Amino acid sequence: MQPATIKLFLVNGSPTGLRTAEISNWTGLATAGPRSDLESLLKREQLEKPGIYFLTGIEADTDEPVLYIGESENVAKRLKQHSKNEAKDYWTHASAFVSKDDNLTKAHIRYIEDRMIDLARASKRVKVMNGATSGSSLPEADRAEMDIYIERMIQLLPVLGIHYFSTPVIANPVKTQSDTAVVASLTEATTSPSQILFCKVKGLVAQGQRSETGFTIFESSELVKEVRSSCPASVIKLREQLFEKGVIVAEDERFIFTQNYEFPSPSTAGAIVSGGSTNGLVAWTNEQGVTLKEIEG
């Protein structure tokens, strides 16, 4: 991903309140805010344009993060409709992207919506609330232009609190042709082999590394099939969710990861691998056996 200068404007002075964000030399403009500031958000003139929007929140029954991605020729009008829709009462925050030069057409925003839904589903880090999408067929030149627009969106989304599209690492030596690889290509990064860490349990080996918002375990990493009797309920629940999503699958006497997957901390990642509470700073070591705690001093 290319270096970028981001301009963030806090409309009310609050870092989590109504704000706008843009990247230098890019025609896109992002506007975001909590649902509690919806009235002020809907008054923003830029949201009366065609654009893409993201509704985020937590599902009450499962405590899982949820995401709805939509498009509209008038984003403000559509957000107002969503605020009155009881079926979408889960969302607590809205983010929207428009073009400063009014150059986004209906076909463009449908293409972006379709691609972003695919990428969100491929990440398996959030429950996507969308049903089927219509998508849009674009000429090759327009697709290339919109793919660049999407890359810039992905660069800005974490600034707005949405981290489900970023793939912090692509150091895994195993090649994949899945949509996960598409996510990685849009957030291209490099990783030195010296940064790769290992967690070894009962003859099984998992690989991973520190990432911007936690710790990422690499595809094809191994983890124990049976959890310890003392394993916390939260770890058991997370392992079950990962199995249901297909992030981990059974293979002989072990489970393996089918894709790179980010956890909030090295300890959470280690607990998933070992099937019980783990001090991640000690459990993860480099090839020389030096622990993460020693590496980070």
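Checking each residue in region 219-241 for being touching a helix residue (DSSP H, G or I) at 6+ places or on another chain (Cβ under 9 Å), of a type in the set (A, V, I, L, M) and surrounded by fewer than 19 Cβ atoms within 10 Å (Cβ to Cβ) picks out V227, L238.
Of the residues making up region 102-158, those that are among the hydrophobic types (A, V, I, L, M, F, W, C), touching a residue at least 40 places away in the same chain (Cβ under 8 Å), farther than 24 Å from Q259 by Cα and assigned to a loop (DSSP other than H, G, I, E, B) number 1. For region 51-65, the tally of residues that are among the hydrophobic types (A, V, I, L, M, F, W, C) and either modelled with pLDDT under 95 or not assigned by TED's automatic domain parsing to the domain that holds M129 (or both) stands at 2.
Taking the listed residues V126, V98, the one that is under 22 Å from F165 (Cα atoms), of a type in the set (A, V, I, L, M, F, W, C) and touching a Lys or Arg at 6+ places or on another chain (Cβ under 7 Å) is V98, with no other qualifying. Of everything in region 263-285 that is in contact with an Asp or Glu (Cβ under 9 Å, 6 or more places away or on another chain) and not aliphatic (A, V, I, L, M), the residue that is surrounded by the fewest Cβ atoms within 10 Å (Cβ to Cβ) is T285. Residue pairs whose Cβ atoms lie under 8 Å apart, sitting 6 or more positions apart in sequence or on different chains, and linking a residue in region 256-274 that is within 11 Å of V201 (Cα to Cα) and in the same structural domain as Q207 (by TED's automatic domain parsing) to a partner that is among the charged types (D, E, K, R) and assigned to a loop (DSSP other than H, G, I, E, B), are S274/R228.
A residue that is modelled with pLDDT of 95 or more, assigned by TED's automatic domain parsing to the domain that holds V290 and crowded, with 22+ Cβ neighbours inside 10 Å occurs somewhere in region 193-204.
The residues listed here are S72, S95, S83, S123; of these, the one that is more than 20 Å from the chain's Cα centre (by Cα), among the small types (G, A, S) and either surrounded by 20 or more Cβ atoms within 10 Å (Cβ to Cβ) or at pLDDT 95 or above (or both) is S72.
When R44, R35 are screened for being under 25 Å from K127 (Cα atoms), touching a Ser or Thr at 6+ places or on another chain (Cβ under 6 Å) and basic (K, R), only R35 passes.
The values are calculated or read from the model by the stated rules, or taken from the named source; none is laboratory data. All values reported here derive from a predicted model rather than from experimental measurement. As a convention, Cβ positions derive from the backbone with ideal geometry for all residues, glycine included, and neighbour counts pool all protein chains shown.
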